[in-house]
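What follows is a single structure, written as structure tokens, with notes after it.
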Amino acid sequence: MKRIIRRFCGLVFFLWMLAGSVAGAEYPGVSQVPGLAAEVAAQAVQAERQVEGLLDTAAFETQLHLAEGRYHQLQQRMDQYGDPATWSIDRLLEVRALLQEERSRLERVLLALAARQEENERLRRTWEERRQFWQRWEQQLRGDEVVFPRETFAQAQEAVRRVLEGVDSGSAPLVVLQEELTRLLNLNLSHLTQVDDILRLVRGQILQRTGHPLFSAEFFHQFTAGFVDEVRRGLREAIRLDLRYFIRQGWILVSQVLVVFATAAFILRYRRQVEGTPEWRFILDHPWATGIFVSTAALTPLYVIPPALWRLVLWVLLAFSTAVLISGLVRNPMKRFTVYLLATVLVLSMTLQLIHLPTPLLRLFMAALALIGLPLSLFLAHLNIRRHEGHINIFTLGLRAGALVCLVSFLAQAAGYSTLASHLIDASIKSVFVGIFAVMVVHLGQGGIDFFREHPLLQKRAFVQQFGVEVAKRLKALLAVLVWGAALYHFLAVWGFYDSFAQAWGDLTGVGVLVGQVQLTLAMLLLSLLVIYLSIQASWLLRAILDTQVFPYSQVDRGIRDAIKKLIHYFLVFLGFLLAMSLTGIEMRNFAVLAGAFGIGIGFGLQNIVNNFVSGLILLFERPVKVGDLIVVDQDWGTVRKIGLRSTIIETFDNSELIVPNSQLISDKVTNWTLSTSRARVIMPVGVAYGSNVERVIEILNEAGSRHPLALEEPAPSAIFVGFGDSSLNFELRCYIADVSKRLSVRSDLGRDIDRRFREAGVEIPFPQRDLHLRSVDGEIITRAKRESEKASAPPSA
């Protein structure tokens, strides 16, 4: 009961505190003072505890000390590197990545500190309002000369004062910490700005002369005794590893080792089961190389700014595991040699860049590399042409392109365009390996899809048996698009258009145009297309599951099945379209304008299309015509094969396809032989000569109908006398069959059987006879006829 009273008093106190700022507001009565004072005292204790937690800056101070230590370490490393203007692109990118990581850390700490300060300020405002409430309440009671417990008022105001003093005293340390962190962030941003400016300058110098000509005296004057010390310093810097980094990121290394062993064990375990999969042939022969490739390719991106030496180790593992695998994928020994050679050159080039070889020595190496690569590429291209009997394939074109790159690189190096020369060779080699990685990933993924599709457990499923090949085909196509799309972004990063894959993705997907009040970006467009594509694929998958897992076990008519599948398809595609539109920023209310425009379009020129669409919906719901029905449209017989949005496809008996607008099936006369039943009547018309025994003819016709195996007993076949024709007595044999598709064959059988029986019974089937009476004939025609008759009757001359 006391707890309820205290809560009620607290609620009243809160309401009056909110109304305290309103002029002329009344305060609670004197009887409520003890309860409200007790509530304030209890809340003050809780607030003081909250203030103690907010003012605990030990964690922030630790973060500040760590940030200062990292800054001093990075500053020392940058001082050892020398003037940033002389750094290579790789070193600039490495330092920039470190600065960006540190900036992210500082920003996170500052955000947490700002949240702490905001909470502290909120407490101060809340308790300042309470202090004013108690002061004004006391002043009102004094003005009204009301006797009130002054000591209780004093205790409540003292509790409020203690809270406010605690809040005010704790703000200063938070401000100091914020100033120190902001100082470090500003220093970080200044260094980052400097590195970005130098990067832009270096990238802008690719087409500019950045050194002395290779064969000039100024170039050779750069070789001094200090080169040896510079190389040693670079080696010491390169082999230095920060063990603390591996302590933080060691789980990635452990995961990579586990993936290597798991992948190799998996391949060795299931090698025999996938020997028939051609996409996996190259990995079955090299399980350990496959494990290294999968491990490095999949988990290396998880490293956060790895040390230069460890990055080189990862590249060595990735390059040579790729070379081993590609040797199993291709049969041409020249291709294998080229891949191993490129892997060696790539690793050697990265090693020299890692130790920061002096620029003159690095230029000599790149020039020698170009001089060796030029004749070697042409020689391999010549051998490949001879191997293929003069045919020029893609490999030959690639070798010639490599020779051209070597030639241009050497000429650029000789002319002093060292940045351009190095960039050409380095980007070309990396581009080759990006393409090889893409091919490897596609082959591995497609082989994995085939492996799971052909697994015995999945092959037992009716869905996999019927649609497994189609599902695998679609997954392979999607995998190829994703892999080569990612490869395209890597190509852009390799050739220097962007610094990294992430930057390329962010910049390109951020490109957009302003459509009305909506900023439409490439990312929105791609995401919308992905949603529509997934909705279409989900529709196909759901319909396939219904065909294999639901409909075969239920007594559902085929027409109903098709109607259900069509409605599911329309619903999912429409839902995907709405979701795609919402992702692009188009609000649903804007569709009202679209509907109005659509109505105007219907009124002017789309009425036929809409008519056919609505007619298609009527066909699905009313179902006067279903898929599989045998119908007659404009005297054309055929079977309904598909009912689409606009038209219906009918396959005729000639195996041709009629495309009939849906509106024609609704508005015109259509004969449906299988709407309610497949039973049909066969009518066989027969004519006999005048003078024939009518009763005998009817008997023969009834016997022919009743003895046919496909004729139904009920209703029984019946022969009737139709009437007197010009040359015959006309009869009809009428019998029913269970399957209308057998109608023509039954009619043919009946005709042959009736003809045979009529011959045996001596019943004559007449043919039309006509008497011709000539009333007048030209005399010349008669004379010519006599002459021809005499010639025909004259004996032949000897």
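The values are calculated or read from the model by the stated rules, or taken from the named source; none is laboratory data. Everything numeric in this text was worked out from a predicted model, so none of it was measured. Note that we place each Cβ from the backbone using ideal geometry, even for glycine, and neighbour counts take in every protein chain shown. The protein model used for the area step is the full one, side chains on, heavy atoms only, and it has no ligands, DNA or RNA in it. Shrake-Rupley method; radii C 1.70, N 1.55, O 1.52, S 1.80 Å.
The length gained by stretching the chain between VAL228 and PHE497 to full extension, at 0.36 nm per residue less their Cα-Cα distance, is 93.4 nm. The share of Cα pairs per 10 Å bin across the stretch 509-586, counted from zero up to the longest distance, runs 19, 35, 22, 15, 8, 1 percent.
Quick one: if the Förster radius is 45 Å, what FRET efficiency do ILE564 and ASN393 give, using the C-beta to C-beta distance and rounding to 0.05?
That gives a FRET efficiency of 0.30.
For VAL682, the residues 5 or more places off, or on other chains, whose built amide H falls under 5 Å of its own are CYS735, TYR736, ILE737.
Stretched out straight at 0.36 nm per residue, the stretch from LEU526 to SER190 would grow longer than its current Cα-Cα span by 117.4 nm.
Rounded if a/c is under 1.5, else prolate if a/b is larger than b/c, else oblate: which is the stretch 680-761, with a ≥ b ≥ c the root eigenvalues of its Cα gyration tensor?
Cα axes put the stretch 680-761 in the prolate bin.
Remark: spin-label model distance THR509-ASP285 equals 3.9 nm, labels positioned 7 Å along the Cα→Cβ axis. Take the Cα of ALA716, step 7 Å toward its Cβ, do the same at SER741, and the gap between the two points is 3.1 nm. Here the accessible area of the chain is 61 percent carbon and sulfur, with a 1.4 angstrom probe and all protein chains present. Above 20 Å lies some portion of the pair distances; for the stretch 323-417, what is it as a whole percent of all C-alpha pairs? Value for the stretch 323-417: 44 percent of Cα pairs lie more than 20 Å apart. Quick one: in the stretch 53-140, what % of C-alpha pairs are over 19 Å apart? Value for the stretch 53-140 (Cα pairs over 19 Å): 61 percent. For the chain, the mean residue ellipticity at 222 nm estimated from helices alone is -23500 deg cm²/dmol, where every DSSP H run of n ≥ 4 contributes -39500 (n - 2.57) and the total is divided by all residues, rounded to the nearest 500. Ranked by the mean number of other Cβ atoms within 10 Å per residue, highest first, peptides 547-554, 406-413 order as 406-413, 547-554.
Pairs exceeding 31 Å between alpha-carbon atoms, taken from LYS335/LYS460; LYS473/LYS669; LYS476/LYS642; LYS460/LYS742: LYS335/LYS460; LYS473/LYS669; LYS460/LYS742. Remark: relative contact order (the stretch 248-495) = 16 percent; criterion is Cα-Cα distance under 8 angstrom and separation of 6 or more residues.
Name the shape class, rounded, prolate or oblate, that the alpha-carbon gyration tensor gives for the stretch 178-227, where a ≥ b ≥ c are the square roots of its eigenvalues, rounded holds for a/c under 1.5, and otherwise prolate holds if a/b is larger than b/c and oblate otherwise. The shape class here is oblate.
The angle separating the long axis of helix 359-387 from the principal Cα axis of greatest extent in the chain is about 10 degrees.
Diagonalising the gyration tensor over the Cα atoms of the stretch 621-672 and scaling each eigenvalue by 5 before taking the square root yields semi-axes of 15, 12, 10 Å, largest first.
On the beta carbon distance between VAL614 and ARG331, with R0 = 35 Å, the FRET formula returns roughly 0.05. A Förster radius of 35 Å combined with the Cβ-Cβ distance from LEU299 to LEU578 puts the calculated FRET efficiency at roughly 0.35. Listed values for the stretch 194-204 are Karplus-derived 3J(HN,Hα) couplings in whole Hz (6.51 cos²θ - 1.76 cosθ + 1.60, θ = phi - 60°), namely 4, 5, 4, 5, 5, 4, 4, 5, 5, 5, x, and x replaces Gly and Pro.
The mean accessible area for residues of the chain, using a 1.4 Å probe and ignoring ligands and nucleic acids, is 58 Å² per residue. Based on the convex hull around the alpha carbon atoms, the stretch 307-346 presents an average projected area of 2.5 nm².
With a cut-off of 8 Å between alpha carbons and a minimum separation of six or more residues, what is the relative contact order of the stretch 680-761 in percent?
Relative CO of the stretch 680-761 lands at 40 percent.
Pairwise Cα separations in the stretch 163-303 fall into 5 Å bins from 0 onward with the following percentages, short to long: 2, 7, 7, 7, 8, 11, 9, 9, 11, 10, 8, 5, 3, 2, 1, 0. Principal axis analysis of the Cα atoms in the stretch 248-495 yields extents of 69, 56, 28 Å, listed in decreasing size.
Evaluated at q = 0.11, 0.12, 0.14, 0.16 Å⁻¹, the base-10 log of the normalised Debye intensity for the stretch 31-205, with identical point scatterers placed on the Cα atoms, takes the values -0.63, -0.69, -0.81, -0.93. Report the accessible area of TYR27, computed with a 1.4 Å probe over the heavy atoms of all protein chains in place, in Å² rounded to the nearest 10. Accessible area of TYR27: about 40 Å². In terms of its C-alpha gyration tensor, the stretch 444-555 has an oblate overall shape, because the principal axis ratio a/c (a ≥ b ≥ c, square roots of the eigenvalues) is not below 1.5 and a/b does not outweigh b/c.
With N set to the number of residues, divide the alpha-carbon radius of gyration of the chain by 2.2 N^0.38 Å and report two decimals. Before the final figure, lay out the partial values.
Values: Rg = 46.0 Å, N = 798, 2.2 N^0.38 = 27.9 Å.
That works out to 1.65 for the chain.
Between ASP654 and ARG200, the distance separating the two model label sites (each 7 Å from Cα on the Cα→Cβ line) works out to 7.2 nm.
As a length-normalised measure over Cα pairs under 8 Å and 6 or more apart, the relative contact order of the chain settles at 7 percent.
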